[in-house]
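Undergrad: I have a structure here, written as structure tokens, and I will follow up with some questions on it.
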Amino acid sequence: MSEKEVIIRIEDQNLDPNFLRSLMDVEGCGSIVSFVGLTRGEDNGITVKRLEFDAWENKLNHVLSDIAKTSIEKFGVKSVLVAHRVGAVEPSEPIVCIHVGSKHRKAGFEACSWLINQLKLQAPLWKKEVRSDGEIWKPGLG
Amino acid sequence: MRKQESIDGAIKVKLLFFGPLAEKLNQRSIELSLLYGTTINQIIDRFELKSMISDGLVVALDGDIGVDLDTEVKDSSEIAFLPPVSGG
């Protein structure tokens with residue numbers, strides 16, 4: 001697996017999905033499936049000012065890399081990029097970006113969906129919602 | 001001789017806390033001296049984290065996530081306490 005087939009980015013500043021996509025090896029691909037998760041500015045009618053992400057940064061890169069490599073083996077896709085923010089993420093800003101390059105779209109969609117589910121299950125990240133009525137740590141899968 | 005045994009019987013470990021647990025304890029990491037043979041469960045008791053285990057707290061020993069809580073820690077071990085994750 002080449003360096004350009006699995007790319008992991010942990011960013012403390014803005015994620016740029018288009019720039020990240022340009023880093024990928026898509027030679028021979030007929031499809032790029034992307035998922036970009038954003039901070040929602042409200043939760044059940046309560047204003048969300050921002051999300052704050054804590055991470056076990058020494059482990060996070062390793063976990064995301066393992067997930068990405070597994071997705072390539074499991075779905076036969078060509079290349080995978082996974083990027084995640086840490087620190088404060090304002091409403092409408094990207095939190096997470098996943099790109100999957102593949103020959104055909106079906107494998108790309110399946111891999112992309114699997115990747116975000118696995119990230120939510122495994123990645124050592126913790127999300128705090130800073131709201132107009134206080135602060136809460138979001139429990140589990142959100 | 002007894003004094004020497006006491007020195008030989010001590011190990012140093014590092015505890016890591018994340019997310020809501022770091023906020024609750026107001027600590028990100030702690031260096032701790034322990035006796036040989038101390039288990040992760042004994043550290044959990046000392047820091048009163050037992051109730052958090054049933055709420056999904058997972059422990060990593062030297063990067064190995066989900067380790068058996070009866071495992072004895074070793075000198076220079078890094079023990080990470082991980083509340084349920086919520087990335088994405």
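Undergrad: Show the residue pairs meeting these rules: Cβ distance below 6 Å; 6+ apart or different chains; first residue within region B:16-31 and more than 9 Å from chain A (Cβ to nearest Cβ); second residue among the small types (Gly, Ala, Ser) and surrounded by 13 or more Cβ atoms within 10 Å (Cβ to Cβ).
TA: Qualifying pairs under 6 Å: B:Arg28/B:Ala22.
Undergrad: Moving to a separate point now. I'd like to verify a number: residues in region A:98-135 that are part of a strand (DSSP E or B) and either at the interface with chain B (Cβ under 9 Å from one of its Cβ atoms) or among the charged types (D, E, K, R) (or both), how many?
TA: The qualifying residues number 7.
Undergrad: So, one more: If B:Glu31 satisfies all but one of (1) of a type outside the set (Lys, Arg); (2) closer than 18 Å to B:Pro84 by Cα; (3) touching a Leu at 6+ places or on another chain (Cβ under 9 Å), what's the number of the condition it fails?
TA: The single condition B:Glu31 does not satisfy is (2).
Undergrad: Of everything in region B:43-58, what is assigned to a helix (DSSP H, G or I) and buried (at least 16 other Cβ atoms within 10 Å of the Cβ)? Give them in sequence order.
TA: Within region B:43-58, B:Ile43, B:Ile44, B:Met52 meet the criteria.
Undergrad: I've got another one for you. For region A:19-29, check the following and say yes or no: at least one residue is closer than 23 Å to A:Trp137 by Cβ, at pLDDT 95 or above and more than 15 Å from the chain's Cα centre (by Cα).
TA: The answer is no, given that none of the residues of region A:19-29 is closer than 23 Å to A:Trp137 by Cβ, at pLDDT 95 or above and more than 15 Å from the chain's Cα centre (by Cα).
Undergrad: Of the conditions (1) within 11 Å of another protein chain (Cβ to nearest Cβ); (2) touching a strand residue (DSSP E or B) at 6+ places or on another chain (Cβ under 9 Å); (3) surrounded by 14 or more Cβ atoms within 10 Å (Cβ to Cβ), A:Glu57 clears all except one; give me its number.
TA: A:Glu57 satisfies every listed condition except (3).
Undergrad: Follow-up question, since we're still on this one. Check A:Ser65, A:Ser71 and return the single one that is of a type outside the set (Phe, Trp, Tyr) and either within 14 Å of chain B (Cβ to nearest Cβ) or in a loop (DSSP other than H, G, I, E, B) (or both).
TA: A:Ser65
Undergrad: Would you please list the contacts, defined by Cβ atoms under 6 Å and residues six or more apart or on different chains, that run from a residue in region B:60-88 that is touching a residue at least 60 places away in the same chain (Cβ under 8 Å) to a residue that is of a type in the set (Val, Ile, Thr) and part of a loop (DSSP other than H, G, I, E, B)?
TA: B:Val73/B:Thr38
Undergrad: Now for a separate question. Name the single residue, out of those in region A:39-54 being within 11 Å of chain B (Cβ to nearest Cβ) and of a type outside the set (D, E, K, R), that is nearest to A:Trp114 (Cα to Cα).
TA: The residue in question is A:Phe53.
Undergrad: If you don't mind, another one. Count, please, the residues in region B:45-68 that happen to be more than 14 Å from chain A (Cβ to nearest Cβ) and either of a type outside the set (Gly, Ala, Ser) or within 15 Å of B:Phe18 (Cα to Cα) (or both).
TA: Total meeting the criteria: 8.
Undergrad: Quick test for you: out of A:Lys69, A:Lys103, pick the one residue that is under 15 Å from the mean Cα position of the chain (by Cα), among the basic types (Lys, Arg) and farther than 30 Å from A:Asp133 by Cα.
TA: The match here is A:Lys69.
Undergrad: Only residues that are exposed (fewer than 15 other Cβ atoms within 10 Å of the Cβ), at pLDDT below 95 and under 30 Å from A:Val86 (Cβ atoms): list them for region B:1-25, please.
TA: B:Lys24
Undergrad: Any idea which of A:Val36, A:Val77 is in contact (Cβ under 8 Å) with a residue 24 or more places away in the chain and surrounded by fewer than 19 Cβ atoms within 10 Å (Cβ to Cβ)?
TA: Just a single option satisfies the conditions, and that option is A:Val36.
The values are calculated or read from the model by the stated rules, or taken from the named source; none is laboratory data. All values derive from a computational prediction rather than experimental measurement. With ideal geometry, Cβ positions are generated from the backbone for all residues, glycine too; neighbour counts draw on all protein chains shown.
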